[in-house]
Amino acid sequence: MTPIPIHVQSSLKQHLLQAQVLAARQSPPPQVTPSPDFHDLVDSSDGPWGCWPWIGGLSPQGYGMTCVRRAGFSVATGAHRVAYYLDTGYWGVGNRGPVIRHLCHNHACCNPRHLLVGSRASNVWDSQMRRLGVDLVAVRMLVEQPQRRNRARAAA
Ligand SMILES: [Zn+2]
């Protein structure tokens, strides 16, 4: 595997910190109830760091689509948004607010480890990293599991 440049690691760390700030601003989390079959429609068989594709209906852009109950209404929304909410409590503020990014570029993926809230600018950064061949899921694994990396280094 090609080494991941330090500046990419520190950029992603910044993005992860910004996501924590956004989630903290929504504490307590808004009340959003996923559909009862939500977990049945996420295929997590690829393991903790693999892609978890949505096996329900998809939007024309390939995003998983589901419904939630929010403030007494049933609302159609992206399945990845629900997956991110269940993991972080972050729900977002509609079309003009932050977006839930796919670090894996797989629109149907619902693995919270592959999802990160960010601005449209950070979405552009994701695309630049993709063009440079940087695997942002691997970068996240690296910056979130330094103890594992140190063990691997000690073993080498
Ligand atoms: Zn994924």
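Before moving on, here are some points about what is shown:
- Length-normalised contact order for the chain - Cα pairs under 8 Å, 6+ apart - percent: 23
- Volume of the Cα convex hull of the chain, divided per residue and given in Å³: 130
- Most mobile of Gln61, Gln31, Gln20 in a GNM of the chain (Cα contacts under 10 Å): Gln61
- Residue-by-residue Karplus 3J(HN,Hα) for segment 85-91, coefficients 6.51, -1.76, 1.60, Hz, glycine and proline x: 4, 4, 7, 10, x, 8, 10
- HN-Hα J in Hz across segment 111-119 - Karplus 6.51, -1.76, 1.60, θ = phi - 60°, x for Gly and Pro: 7, x, 5, 9, 10, 7, 6, x, 7
- Peptides ranked, highest mean first, by Cβ atoms within 10 Å: ranges 128-134, 73-79, 49-55, 98-104: 98-104, 49-55, 73-79, 128-134
- Net charge dipole size for the chain [Lys, Arg +1 and Asp, Glu -1 on Cβ; Debye, nearest 20]: 560
Each reported figure results from applying straightforward, stated rules to the coordinates on display, with no laboratory input. Predicted model, so just to flag it, every value in this text is computed and none were measured. Because the Cβ atoms are built from the backbone with ideal geometry, glycine has one as well, and the counts that use them run over all protein chains shown.
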